[in-house]
1. Looking at segment A:135-151 only, could you name the residues that are touching a Lys or Arg at 6+ places or on another chain (Cβ under 9 Å), within 11 Å of chain B (Cβ to nearest Cβ) and over 14 Å from A:Thr195 (Cβ atoms)?
2. Could you please find all residues in segment B:152-166 being assigned to a helix (DSSP H, G or I), among the acidic types (Asp, Glu) and at the interface with another protein chain (Cβ under 10 Å from one of its Cβ atoms)?
3. So which residues in segment B:96-119 are of a type outside the set (A, V, I, L, M) and assigned to a helix (DSSP H, G or I)?
4. Could you check segment B:28-55 and list, in sequence order, the residues that are more than 14 Å from chain A (Cβ to nearest Cβ), farther than 20 Å from B:Ile128 by Cβ and outside any strand (DSSP E or B)?
5. Answer yes or no as to whether A:Glu126 is among the acidic types (Asp, Glu) and under 22 Å from A:Gly47 (Cβ atoms).
6. Looking only at segment B:56-90, which residues are more than 29 Å from B:Val15 (Cβ to Cβ) and within 10 Å of chain A (Cβ to nearest Cβ)?
7. For segment A:183-213, which residues satisfy the criterion of being surrounded by 18 or more Cβ atoms within 10 Å (Cβ to Cβ) and touching a residue at least 60 places away in the same chain (Cβ under 8 Å)?
8. I want to confirm something. Restricting to segment A:167-182 and keeping residues that are surrounded by fewer than 20 Cβ atoms within 10 Å (Cβ to Cβ) and more than 13 Å from every other protein chain (Cβ to nearest Cβ), which single residue is farthest from A:Thr50 (Cα to Cα)?
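The values are calculated or read from the model by the stated rules, or taken from the named source; none is laboratory data. Here the structure is a predicted model, which is why all the values come from computation and not from measurement. Cβ sites come from the backbone with ideal geometry, for glycine too, and all protein chains shown count toward neighbours.
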Number of protein chains: 2
Amino acid sequence: MMKVMRMKIPVIRNVLEESDARARENRTLFDRHGVFVLNMMSSPGAGKTTLLQKTIPLLQKRNLKCAVIEGDITSTLDSEKLSPLGIPVVQANTEPFGGDCHVGSHLVQAALAHFDLATMDVLFIENIGNLVCPAEFDLGEDRKVVVLSITEGEDKPVKYPLMFRECKLCLLSKMDLAPHLDVDLARIRENIRRTNAELTVIPVSAKTGEGVAAWCDWIVAQKSGKRKAEGSDQKSREL
Amino acid sequence: MMKVMRMKIPVIRNVLEESDARARENRTLFDRHGVFVLNMMSSPGAGKTTLLQKTIPLLQKRNLKCAVIEGDITSTLDSEKLSPLGIPVVQANTEPFGGDCHVGSHLVQAALAHFDLATMDVLFIENIGNLVCPAEFDLGEDRKVVVLSITEGEDKPVKYPLMFRECKLCLLSKMDLAPHLDVDLARIRENIRRTNAELTVIPVSAKTGEGVAAWCDWIVAQKSGKRKAEGSDQKSREL
């Protein structure tokens, strides 16, 4: 973050406007091709990648073609984990852009050049593990999703309210660990409700598979809702 | 973060210089009063506060007077958890400063006005839960410490290298959960070593008490090493 500030000192406001302009261009492109885009955010280590490893095969069974943009500061570890799925994955590292603490819309735009959007149904953008800054940036996605590991305790929705206000869905991850934790799941839900009463909550476990089908149902329903709402159910004819 | 940028558009470089200047002033003040200062950083929910709840009573038994600056974006939840310890605690929220994603040196400076440094031995600054941005800012502390919950998996040192390079100590937290996780502790240590071979690692569990005494030993040794190195073992006479 600071390094970008250093690079762009005289044009900070322009950078913000640029960011929103790139997000709008991304959204236009996604809509034209009927691609449903999810911006997945969480603390580091909440299990986004592991969850995608379980989610994408289920979506494939429902004839949805998936792709992933893997956001990281550095390393290609997460992309490597996803490569056995045989889907298009682009690693988007912020290190060459100053080590940004979040995925920017310009990075998504750069990644899109490596995809064939015409043959894609669902695109996951796995953001950098960070519960603060990623919530502030529009990437052009359809829905923002926060993954909250129940190992992180009850208070995160109250301490990081912007993240929980920006998202449409909260996946409560690592549910398999519930018996081993002093964590009050009802209190997590109450804190979520207090922060954003509209936020849908789905408990999941990549280990046991709990909730992964429900999460796929949510994606399919939201994707279909989007098409109807925007009268853009034209993809099959356009292609 | 972005909001601070908006507030200070014409003087971004000055803000960075200001930040370092405030950090130097803080450090001078800490050194004058012989206060040893730890900047505690981690992902959200790695257990910094719970660990402090266990650590501070042990340090008190060793006749060390402790105090805490609780950094958060919003809420006083963590300060409330620490209040039964009967030590000075100042809640430093970034929300009035634009919702910064890290504790800044100006915020530490503002907090210091509420403490009596002359009667203090160890000051903990509990930073905002974020493995990225807090690593970039000097607060005037003596040592940076990263708390890594083993629930976050093996790859965090490789994915967030700056944090692990800046710190002198890594506390591997939530060790009590090890039997319930598919996590390779040797691989965590190997990834830490690859990122920063100088980083001391202490496994801890606030739940079982594992490693908390070793962590206190480390604090005492580092505090004493600092005094000797800087020839500033004058506190008792000065007071």
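1. The answer is A:Glu136, A:Ser149, A:Ile150, A:Thr151.
2. Within segment B:152-166, B:Glu152 is the sole residue that qualifies.
3. B:Pro96, B:Phe97, B:Ser105, B:His106, B:Gln109, B:Thr119
4. Those that are more than 14 Å from chain A (Cβ to nearest Cβ), farther than 20 Å from B:Ile128 by Cβ and outside any strand (DSSP E or B): B:Thr28, B:Leu29, B:Phe30, B:Asp31, B:Arg32, B:His33, B:Gly34, B:Val35.
5. Yes; evaluated as a whole, the condition is true for this residue.
6. Of everything in segment B:56-90, just one residue is more than 29 Å from B:Val15 (Cβ to Cβ) and within 10 Å of chain A (Cβ to nearest Cβ), namely B:Lys81.
7. Matches in segment A:183-213: A:Val204, A:Ala206, A:Val212.
8. A:Lys168
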